[in-house]
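Read through the structure below, which is laid out as structure tokens, and then see the notes.
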Amino acid sequence: MKNSTYVLILAGGAGTRFWPASRNSLPKQFLDITGSGKPLIRETFDRFTSFVPVDHIYVITHKQYGRIVLQELPELTENQVILEPSRPDTGYGYIEYDKNDLSTTREVKSFREKPDRDTAEKYLQSGSFAWNAGIFIWKLSSILNAYHKYAPQIFNVLEPGKSKYNTPAEREFIDHQYPLTEKISVDYAILERADNVFTIPCDIGWSDLGTWNSLYEFSNRDVDGNAVLCRPVHIEESKNTLVLAQNEKLIVIKGLDDFILVDTEDCLLIYPKADEQEIKALKEKLGLNGLDSYL
């Protein structure tokens, strides 16, 4: 039986909140963040190859990362790497469904943008919300019809290039046309407007690994709650602290409680874990102060 399933891996994010490990020139998807020995994009690719042919896997990323994708995934051809101009990412939000509906697939009532902590706690207590993992499954005909109906501006800009897709003329067409499309996520453009959206609530150990705190929660920890993701490290009288280094120097720590410590070749970050949401703004501040080479 012919396998008609295709996979599109989104790998264009800048990984801003994973600074200083993640840089503009080499963001988190190309790093071994989890200590597995593989970058995140390789781990994702390997999971899909267990049930999807390699020639059915595509990666969408920004122009500046195209070569890196091919280096990390040499099984792919250039035609399987779809390049787009740089655009800001959006964060993950929540999906609301009827908690009284016990079926496997449940109709979506609403999408909610990334909430503050108090609101997130209320979502959790209600039992009617799940994380929006940003993992979508649809038939090609269904998503094209949805764009035609709910996002006609995008459809009308890109549809004329139908005959150029998967040909040498595709790159020139996308470079010219894509910047003309409305700057809107698929969540806003399609999912919040369509009336045939369903979700499958599940506990699969998923995390978007979008922040240092999410990596901390994902990682193995010692009896004091420390997640030490590198060696050699000597740590004492410290707890609930994340330690990651990209070199082999000895790191000695004493007296840290609930901190992030990240050591790269040219930057050392020691920051309260509770304030990690400030890191994205901190990075922008450093840029304004002329420290772009560290970003």
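The values are calculated or read from the model by the stated rules, or taken from the named source; none is laboratory data. Keep in mind that what you see is a predicted model, and the values were worked out from it rather than measured. Neighbour counts are summed over all protein chains in view; Cβ atoms, including those assigned to glycine, are modelled from backbone coordinates with ideal geometry.
Can you pull out every residue in segment 240-261 that is among the β-branched types (V, I, T) and either part of a loop (DSSP other than H, G, I, E, B) or more than 14 Å from D222 (Cα to Cα) (or both)? Passing the criteria: T241, I251, V252, I253, I260. Tell me yes or no: at least one residue of segment 70-91 is over 20 Å from A11 (Cα atoms) and polar (S, T, N, Q). No; the residues of segment 70-91 include none that is over 20 Å from A11 (Cα atoms) and polar (S, T, N, Q). For A146, the test of being outside any helix (DSSP H, G or I) and small (G, A, S) is failed. Of the residues making up segment 263-295, those that are assigned to a loop (DSSP other than H, G, I, E, B) and out of contact with any helix residue (DSSP H, G or I) (no Cβ under 8 Å at 6 or more places or on another chain) are T264, E265, N289, G290, L291.
Filtering segment 104-126 to residues that are loosely packed, with under 10 Cβ neighbours inside 10 Å and in a loop (DSSP other than H, G, I, E, B) leaves T104, D116.
Answer with yes or no whether F218 is assigned by TED's automatic domain parsing to the domain that holds I253, at pLDDT below 95 and out of contact with any strand residue (DSSP E or B) (no Cβ under 8 Å at 6 or more places or on another chain). For F218, the condition - assigned by TED's automatic domain parsing to the domain that holds I253, at pLDDT below 95 and out of contact with any strand residue (DSSP E or B) (no Cβ under 8 Å at 6 or more places or on another chain) - is met. Within segment 252-295, the set of residues being in contact with an Asp or Glu (Cβ under 7 Å, 6 or more places away or on another chain) and surrounded by 13 or more Cβ atoms within 10 Å (Cβ to Cβ) comprises I260, K273, Y294.
For segment 202-213, taking the residues that are surrounded by 15 or more Cβ atoms within 10 Å (Cβ to Cβ) and over 12 Å from the mean Cα position of the chain (by Cα), the one that is nearest to A11 (Cα to Cα) is identified as W212. Filtering segment 62-81 to residues that are over 18 Å from the mean Cα position of the chain (by Cα) and among the basic types (K, R) leaves only R67. So, in segment 159-187, of the ones that are among the β-branched types (V, I, T) and in a helix (DSSP H, G or I), which residue ends up nearest to N145 (Cα to Cα)? Here the residue is V186. Within segment 156-191, the set of residues being exposed (fewer than 15 other Cβ atoms within 10 Å of the Cβ) and within 17 Å of K109 (Cα to Cα) is empty. Each residue in segment 10-48 was checked for being within 15 Å of the chain's Cα centre (by Cα), aromatic (F, W, Y) and either surrounded by fewer than 20 Cβ atoms within 10 Å (Cβ to Cβ) or more than 17 Å from D263 (Cβ to Cβ) (or both), and 2 pass. Filtered by the rule that a residue be under 28 Å from E96 (Cα atoms) and among the hydroxyl-bearing types (S, T, Y), segment 132-171 gives S141, S142, Y147, Y150.
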